[in-house]
Amino acid sequence: MSEKKRRFGRRKVCRFCADPTLVIDYKNPQMLKSFVTIRGKIIPRRITGTCARHQRELTTAIKRSRMVALMPFTSVD
Ligand SMILES: [Zn+2]
């Protein structure tokens, strides 16, 4: 665990607030992946800089995405 991130006064802006084209979609795991660790844990917003509102949407989307896409029932590949 070497996720030491220094914030040197640089204002962190929520990625979703900054980019209106970026939509939180549970059907888009590619995008959601950048907000979870390799282990699949959701990265806290103080690290990603995501605002509370979008972080909550993100959390919901990731959970939903897990339910529909990461069901270890059938082996597709
Ligand atoms: Zn936001």
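The values are calculated or read from the model by the stated rules, or taken from the named source; none is laboratory data. As the structure is a computational prediction, the values presented were derived from the model and not from experiment. Note: ideal-geometry Cβ built from the backbone for every residue, glycine included; neighbour counts use all protein chains shown.
Results, tabulated for the structure shown:
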item	result
In the range 50-77, the residues that are at pLDDT below 95 and assigned to a loop (DSSP other than H, G, I, E, B)	70, 71, 72, 73, 74, 75, 76, 77
Of residues in the range 8-26 being at pLDDT below 90 and more than 15 Å from residue 55 (Cβ to Cβ), the one nearest to the ligand (Cβ to nearest atom)	11
Members of the range 37-70 found to be surrounded by 15 or more Cβ atoms within 10 Å (Cβ to Cβ) and more than 20 Å from residue 17 (Cβ to Cβ), listed by number	65, 66
Close pairs from the range 27-52: first within 18 Å of residue 64 (Cβ to Cβ) and among the acidic types (Asp, Glu), partner away from the ligand (no atom under 16 Å from the Cβ) and at pLDDT 90 or above, Cβ under 9 Å, at least 6 apart	none
